[in-house]
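Chemist: Would you mind keeping the following structure in view while I ask a few things?
The values are calculated or read from the model by the stated rules, or taken from the named source; none is laboratory data. Since the model is a prediction, treat every value here as computed from it, not as a measurement. Because the Cβ atoms are built from the backbone with ideal geometry, glycine has one as well, and the counts that use them run over all protein chains shown.
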Ligand code: SF4
C-alpha cells in the first residue's frame, strides 16, 4: 500500500513511496470511444441547483437520453427539457434562433420560478453551428430582471459525460460577484456534491474555524458565492479543468490536495484548507480524528474482500486516478491499468505520485485495444461504461459501472465505507455465483 506525501502531515505514520508525476509514462490513445455525452450531467446538476432549468437544444436522441437516464418526473415540475430540432431546422429552412426565442418565451411565461436558464448545446446544434452564446445574450437582455440565461455545450463531440458539469460550472463563473479585495480570505468548494455531503464538509470547516465557505454550484442562484484574489478553492471533483481556469482568471487560487475519497484523501483535502487558513495543527487533528477513524473502520469490512485484488479502469468518468489511489492506498488493491479520458497532470499531481510504479496509465480511448489489454491482464474487477459491462461480464469478467460512482454519494469521511462497498459488491456477487 502507498501513503500520502510528507507534506500531507496526516500520514506521518505511513511509509512514503513517491512516484514523480512529471515522469509518469502515459499511453495516449485515440480511437473509437464508448462514453456518455455531457448532457448526462444535467441529471445531477438539476437536482443540485434547485431554481435552475436546463433547456437542451437538441434532437429526439438527446431527449431520449435524458428521459431514460433521469426517469420521468411525474410528481414534480420538470427542471429540464429538450427543444427538439426538426429536420427543417437542421436543413436551415427556418431560423432556429427565432424558434428558440419562441420556446424560451413560452417556457419563462409558464415557469416564473426559474432563476437560471441554461441553454445546453448538443451535437445537432453544434453541427448546424447554432450560436447559443448569442442566443443566451439576446434572450438574457429580453428577459432581464427575472432570470439569468447562460449557455454551455453538453455535446458528445470530443467529450466525456463529466465535462458537461465542467462546462456548466465554467459558465457560472463570470456571474459570480466580485469578492472584496480587502476582505478576509474565503474558501470555495468547487464541484457538485450531494447536499448531505456538502453539509458534512461545511460542518467540518466550521468546526475547524474556517467561516467564509461558499460552494459552486450554489443550491439557489441567489447564493452564488463571490470570487476574487482572496478566494482559495478546493476542487471536489477531478474533472473541472475549464472551471478552474475560469476561477483563476478571476484571481482565485487552487489549494493543491488529494481528492476527498476515503479517510486519507479526505484528511489531505481538509488539511490543504486548514494550512491555507492557518488552522492550528492540534486543533485540526482533534476535529478530524473522530470522523477519520470512523471512515477507516467503515472500509475495513470491504478491505478483506478487496485486498490484493487486481483492478483495471477503462476511461470513462475522469474519477479513475483518485479512485485507483484510494483503492490502492486504503484497501490494498492493485491497479493494473488506469485509463482516463483526460489526465490533468497538475490537478492530479499528488494522486499520481501515490500510484504504484507498476500501474499502466492511459489517456484517451481506443476501445478495441483497451478491451484486448483487459483480456490479457485478466483483472479481478474492471470499471467501465455501461455499454462495455455486459459484453465483459459475458466473457467472464467482473465489472463495475463507472457512472454509478458519479451518481452515488462517495466523497468525504462518512461515505468512505459506501465507496469501498461499491467495489466490493460485484466481487462478493461473483463469489456467491461461483459457489
Ligand atoms: S448530445 Fe450528441 S451524443 Fe448526446 S444525446 Fe445528443 S446527439 Fe447523442
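Residues checked against (1) at pLDDT below 95; (2) more than 18 Å from the chain's Cα centre (by Cα); (3) part of a helix (DSSP H, G or I):
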residue: 317; (1), (2), (3): yes, no, no
residue: 322; (1), (2), (3): no, no, yes
residue: 343; (1), (2), (3): yes, no, no
residue: 388; (1), (2), (3): yes, yes, yes
residue: 404; (1), (2), (3): yes, no, yes
residue: 413; (1), (2), (3): no, no, no
residue: 424; (1), (2), (3): no, yes, yes
residue: 430; (1), (2), (3): yes, yes, yes
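Chemist: Only one of (1) surrounded by 19 or more Cβ atoms within 10 Å (Cβ to Cβ); (2) touching a strand residue (DSSP E or B) at 6+ places or on another chain (Cβ under 8 Å) is not met by residue 406, so which one is it?
Modeler: It is condition (2) that residue 406 fails.
Chemist: Let me ask another. Pick from segment 159-178 the residues that are modelled with pLDDT of 95 or more and in a loop (DSSP other than H, G, I, E, B): which of them is surrounded by the fewest Cβ atoms within 10 Å (Cβ to Cβ)?
Modeler: 177
Chemist: Just give me the residues in segment 201-219 being crowded, with 21+ Cβ neighbours inside 10 Å and within 20 Å of residue 48 (Cα to Cα), in sequence order.
Modeler: Correct list: 201, 215, 216, 217.
Chemist: I'd like to check something: does segment 94-111 contain any residue that is surrounded by 18 or more Cβ atoms within 10 Å (Cβ to Cβ), more than 14 Å from the ligand (Cβ to nearest atom), modelled with pLDDT under 90 and in a loop (DSSP other than H, G, I, E, B)?
Modeler: No, there is no match, as no residue in segment 94-111 is surrounded by 18 or more Cβ atoms within 10 Å (Cβ to Cβ), more than 14 Å from the ligand (Cβ to nearest atom), modelled with pLDDT under 90 and in a loop (DSSP other than H, G, I, E, B).
Chemist: Residues of segment 233-254 being outside any helix (DSSP H, G or I) and surrounded by fewer than 18 Cβ atoms within 10 Å (Cβ to Cβ), which ones?
Modeler: Step one: filter segment 233-254 for residues outside any helix (DSSP H, G or I), giving 233-240, 250-254.
Within segment 233-254, 250, 251, 253 meet the criteria.
Chemist: Could you list, in sequence order, the residues of segment 179-197 that are in contact with a helix residue (DSSP H, G or I) (Cβ under 9 Å, 6 or more places away or on another chain) and buried (at least 18 other Cβ atoms within 10 Å of the Cβ)?
Modeler: Within segment 179-197, the subset in contact with a helix residue (DSSP H, G or I) (Cβ under 9 Å, 6 or more places away or on another chain) is 185, 187-195.
The answer is 187, 188, 189, 190, 191, 192, 193, 194.
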